[in-house]
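See structure below.
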Amino acid sequence: MTPSQTIGPFFSHALVPNLHVVPEGTPGAFWLGGRVLDGAGDPVPDAMIETWQREGWGRSLTDADGRWGVHTVAPEGAEFIAVSVFARGLLRRLCTRIPMHAVEFDIVLQGDNETAFYEF
Amino acid sequence: MMTNEPPLYWPDYKSTMLRAPQLPPKQVDPELAELTGPVFGESAVGPLDHDLTRGLGGEPIGERIIVHGKVTDADGRPIPHSLIEVWQTNSAGRYSHDRDQHPAPLDPHFNGVGRCLTDAEGNYRFVTIRPGAYPWRNHHNAWRPAHIHFSLFGRSFLQRMITQMYFPGDPLLAHDPILDSVPEPARDLLVAQFDLGQTVPEWALAFRWDIVLRSTPMEDPQ
């Protein structure tokens, strides 16, 4: 299989965000988001978060404060939203799962409050 | 399962040190959401999106090349109609990105961004300009070998991958901690091959780079 490599620091001009998993006005829709933080507790301003659920996919690039967010609905028939994390300094993708009722979800890459990451 | 993959903690690439998780990942069986993925229709890609040398009002400077190949899964099945996004520097080694401060010229006719869908047999093809090497501050006198970033969706969340394609014979390949993070036998999988057969006379050199994504369990064979 082809190995992964980092997304690097210079991708925001190339990878177009897709903030609306569902359109504005969708019943039950809300903004799901949070921050991406490194092992020193500092924001990660060059990360890309992608979400996937049967209702659609989302893509958000973190801002200077490490914030990301997508407009979505709670997943139907699933306990979680599947998430990919890419960033400068990540040699391969990290995968996590956002519980279906979460609204705020920080992704802590390293340290005491490290996010649970999954491999399949 | 992940023997070809680079580790997350790789001190030679300094940015990994505060970003690599320290806990081992939880090994789980993928659930339905992870066995499916977004499907992109033809409308996701414009007719010129695969040609990075067009659309900006003139010919970019540099060596015109064709980059093509086939995307399959680990069982050799083609991955059709899946989105590929690429981005790269211009021929001088500079990205069309606000924060790239490398003092090399920008090219008003090249932004280094492309997209395409694989065809029914998993084939893709881009026309572009050969990218340049550029310095970075990872260590003293650090230079990235010329490369093209590839973002692949595959057909399921499991197959989602981002990687980089390199060029054969580049002397910088032996000095790059990012490529070096890949276990030795697999590094060659990231290096394209010169393809005389697909080179177009009087027009452009061709490079072939095939991509293998992991298989998705339970997916119907093609």
Task: GluC sites (Glu not before Pro) restricted to segment A:1-57 and DSSP loop, no more than 15 other C-beta within 10 Å - done: A:24
Task: For segment A:83-120 versus segment B:1-57, the gap between their alpha-carbon centres in whole angstrom - done: 13
- [ ] Rank the residues A:1, B:165 as a footprinting-exposure proxy: fewest other Cβ atoms within 10 Å of their Cβ go first.
- [x] A:1, B:165
- [ ] Just tell me how shielded B:3-9 is by partners: mean number of partner chain Cβ atoms within 10 Å of each residue's Cβ, no decimals.
- [x] 5
Task: For B:45, B:182, order by how many other beta-carbon atoms lie within 10 Å, fewest first - done: B:45, B:182
- [ ] Could you grab the relative contact order for chain B? Cα pairs under 8 Å, six or more apart, rounded to a whole percent.
- [x] 25
- [ ] Using Cα pairs closer than 8 Å and at least 6 residues apart in sequence, work out the relative contact order for segment A:1-58, in percent.
- [x] 35
Task: Using distinct alpha-carbon pairs, which all enter the 1/r mean, Kirkwood radius of chain B in Å - done: 18.8
Task: Ascending count of other beta-carbon atoms within 10 Å, so fewest first, for B:66, A:98 - done: B:66, A:98
- [ ] Mind giving me the nanometre distance, one decimal, between the label points for residue B:98 and residue B:172, set 7 Å out from Cα along Cα→Cβ?
- [x] 2.5
- [ ] Round to a whole angstrom and tell me the spacing of the C-alpha centers of segment B:104-131 and segment A:1-78.
- [x] 24
TODO: Give me a single rounded figure for B:157-168: the average over its residues of other chain Cβ atoms within 10 Å of their Cβ.
DONE: 5
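A short reminder: the numbers here are calculations on the coordinates, not readings from a lab. These numbers come from a predicted model, not from an experiment. Neighbour counts are summed over all protein chains in view; Cβ atoms, including those assigned to glycine, are modelled from backbone coordinates with ideal geometry.
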